[in-house]
Amino acid sequence: MKPNERTEQIIQKYKEDETLMIRLFVQWCANHNLDPQHVYRTAYPDQRRNAALQEAIDSDEGMEELPIDNDTMLDVLQLFGNDDLAFAVADEIAKMPRSK
């Protein structure tokens with residue numbers, strides 16, 4: 001494999017993983033009746049509309065609920081360097097009623 005092909009393959013894999021991270025975030029928000037755009041804007045108030053996030057929201061409609069643990073969601077966001085979004089998610093988690 002040529003070095004250029006290898007680089008392109010790595011970039012493509014990262015994009016696929018990033019898309020999965022976004023879809024997990026959208027699903028986590030849906031599971032908790034949260035607006036993913038609102039949570040995202042809380043984390044990144046100066047950023048314009050995120051096209052990848054909107055695409056994930058649009059494609060997520062009608063999908064079956066997938067349980068996503070709060071700690072897993074935080075870990076995934078931090079793995080991708082979305083620390084600000086992880087903090088916004090942590091704030092939303094703190095607002096959630098505790099189960100007994």
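Among residues belonging to segment 1-15 that are assigned to a helix (DSSP H, G or I) and not charged (D, E, K, R), point out the one that is nearest to residue 69 (Cα to Cα).
That would be 14.
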Search result, residues across segment 45-62 that are more than 13 Å from the chain's Cα centre (by Cα), part of a loop (DSSP other than H, G, I, E, B) and at negative phi: 45, 46, 47, 48, 49, 61
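Name the residue, out of 18, 65, that is touching a residue at least 12 places away in the same chain (Cβ under 8 Å) and not in a helix (DSSP H, G or I).
Working: 18 fails: not in a helix (DSSP H, G or I).
Only one candidate passes the filter, namely 65.
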Single unsatisfied condition, residue 81 versus (1) modelled with pLDDT of 90 or more; (2) at negative phi: (2)
Selection from segment 10-28 of residues that are farther than 15 Å from residue 72 by Cα and of a type outside the set (Asp, Glu): 10, 11, 12, 13, 14, 15, 19
Qualifying residue in segment 26-33 (condition: in contact with a Pro (Cβ under 8 Å, 6 or more places away or on another chain), without any contact (Cβ under 8 Å) to a residue 24 or more places away in the chain, within 24 Å of residue 69 (Cβ to Cβ) and assigned to a helix (DSSP H, G or I)): yes
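The values are calculated or read from the model by the stated rules, or taken from the named source; none is laboratory data. Not measured: the values here are computed from a predicted model. With ideal geometry, Cβ positions are generated from the backbone for all residues, glycine too; neighbour counts draw on all protein chains shown.
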